[in-house]
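For reference, the structure is listed below as structure tokens.
The values are calculated or read from the model by the stated rules, or taken from the named source; none is laboratory data. Bear in mind that the values here come from a model prediction, so they are computed numbers and not experimental data. Counting neighbours? That spans all protein chains shown, and the Cβs are built from the backbone with ideal geometry, glycine included.
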Amino acid sequence: MALKSAWELALQRTGGQSSVKLTAAQKAKLAELDKLYTAKIAQEELTLKPKIAEAHAAGDAEAAQKCEEQLQTVLARLRRKLEEEKESVRQSP
């Protein structure tokens, strides 16, 4: 079950209608943040997924599990930080 961000919950409560109109600059900043964090997430996956595959190939399930947990932790942190930064942009004038 995926956790919803505060923004998603607010949209759900309002029926998908945002009560705040974003400026062009805010929209551009949100798009920039999406691209930046998409790249960061991809970089982490490119770094850790080969290590996971290597550990599985070597038969080291414990090392593979550690790498998988590390990947999930890093991805969750990046997604959380992205949502925080997006919310900050949405709240700025």
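Tell me which residues, restricted to the range 35-51, are of a type in the set (Val, Ile, Thr) and under 21 Å from residue 86 (Cα atoms). Give the steps one after another, and end with the answer.
First, the residues of the range 35-51 that are of a type in the set (Val, Ile, Thr): 38, 41, 47.
38, 41, listed by residue number.
Only residues in the range 36-56 that are in contact (Cβ under 8 Å) with a residue 12 or more places away in the chain count as the first member; pair them with residues that are exposed (fewer than 14 other Cβ atoms within 10 Å of the Cβ) and small (Gly, Ala, Ser), Cβ under 8 angstrom, at least 6 apart or cross-chain, and list the lot.
Qualifying pairs under 8 Å: 55/61.
Mind checking which helices (runs of 4 or more DSSP H) fall wholly inside the chain and carry at least 2 residues that are surrounded by 10 or more Cβ atoms within 10 Å (Cβ to Cβ), out of contact with any Asp or Glu (no Cβ under 8 Å at 6 or more places or on another chain) and basic (Lys, Arg)? Full working, then the answer.
Numbers: elements: 6-13, 24-57, 61-91.
In the chain, 24-57, 61-91 are the helices (runs of 4 or more DSSP H) which contain 2 or more residues that are surrounded by 10 or more Cβ atoms within 10 Å (Cβ to Cβ), out of contact with any Asp or Glu (no Cβ under 8 Å at 6 or more places or on another chain) and basic (Lys, Arg).
Taking residue 21 as meeting all but one of (1) over 17 Å from residue 90 (Cα atoms); (2) modelled with pLDDT under 90; (3) not hydrophobic (A, V, I, L, M, F, W, C), write down the number of the exception.
The number of the failed condition is (1).
So which of 73, 47, 14 ends up being of a type in the set (S, T, N, Q) and within 30 Å of residue 93 (Cβ to Cβ)? Steps first, please.
Values: 73 fails: within 30 Å of residue 93 (Cβ to Cβ); 47 fails: within 30 Å of residue 93 (Cβ to Cβ).
Being of a type in the set (S, T, N, Q) and within 30 Å of residue 93 (Cβ to Cβ) holds for just one of 73, 47, 14, which is 14.
Going through the range 52-89 one residue at a time, which ones are in contact with a helix residue (DSSP H, G or I) (Cβ under 7 Å, 6 or more places away or on another chain) and among the β-branched types (Val, Ile, Thr)?
Of everything in the range 52-89, those that are in contact with a helix residue (DSSP H, G or I) (Cβ under 7 Å, 6 or more places away or on another chain) and among the β-branched types (Val, Ile, Thr) turn out to be 52, 74, 89.
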